[in-house]
Amino acid sequence: MVQAIVSISKKANHILNIVKAKYELKDKSSAIEKMAEEYEKLLLEPQLRPEYIEKLKRIEREKSIDIKDVDAYFIDLQKR
């Protein structure tokens, strides 16, 4: 585990206290970890997420169709 001394604003401290209370965490370190976990979900590119790889595998197993002319295919779809 890494230890760090950080300086934060009053607003950031207030937010940490809210996160700590909302998730019933024991200290602000846990609140920072929780925030990092949540931010990680937003920050990481989808290609790096395990869920994305599972989704790709599921898509690969789906039945596909061959299309020789994309424009003609979409024109045909519009006519339906």
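Nothing in this text is a laboratory measurement; each read-out follows from the coordinates by a stated rule. Not measured: the values here are computed from a predicted model. Cβ placement follows ideal geometry from the backbone for every residue including glycine, while neighbour counts extend to all protein chains displayed.
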Compute the length gained on full extension between GLN78 and LYS26: take 0.36 nm times their separation in residues and subtract their Cα-Cα distance, giving the result in nm to one decimal. 12.9 nm
Taking K and R as +1 and D and E as -1, what net charge do the other residues with C-beta under 13 Å from the C-beta of ARG61 add up to? +1
Using θ = phi - 60° and the Karplus relation 6.51 cos²θ - 1.76 cosθ + 1.60, list the HN-Hα couplings for region 57-62 in order, rounded to whole Hz, with x at every Gly or Pro. 4, 5, 5, 4, 7, 5
Nitroxide proxy distance, nm - points 7 Å out along Cα→Cβ at LYS55 and MET1: 3.4
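So for LYS41, LYS28, fewest C-beta neighbours within 10 Å to most, what's the order? Spell out each step's value before the answer.
Numbers: LYS41 9, LYS28 15.
Going from least to most buried by this count: LYS41, LYS28.
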What is the fewest-to-most order of ILE5, ILE18 by other Cβ atoms lying within 10 Å of their Cβ? ILE5, ILE18
Vicinal HN-Hα couplings computed from phi for region 14-19 (Karplus, 6.51 cos²θ - 1.76 cosθ + 1.60; Hz; Gly/Pro x): 4, 5, 4, 5, 5, 4
Per-residue Cβ neighbour rank within 10 angstrom, fewest leading, LEU16, LEU43, LEU56: LEU43, LEU56, LEU16
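Kindly provide the Kirkwood hydrodynamic radius of the chain in Å, to one decimal, from all pairs of distinct alpha carbon atoms.
Values: mean 1/r = 0.0576 Å⁻¹.
Kirkwood radius, the chain: 17.4 Å.
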Going Cα to Cα from LYS68, which lysines come in below 23 Å? Please leave out same-chain ones fewer than 8 positions away. LYS79
Could you sort out which of LYS34/LYS55; LYS41/LYS63; LYS10/LYS34 sit more than 28 Å apart by Cα distance in this structure? LYS41/LYS63
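Which chymotrypsin sites (Phe, Trp or Tyr not before Pro) in the chain sit in a loop by DSSP (not H, G, I, E or B) and have at most 16 other Cβ atoms within 10 Å of their own Cβ?
Working: sites: TYR23, TYR39, TYR52, TYR73, PHE74; in loops: TYR23.
Passing both the DSSP loop test and the Cβ count: TYR23.
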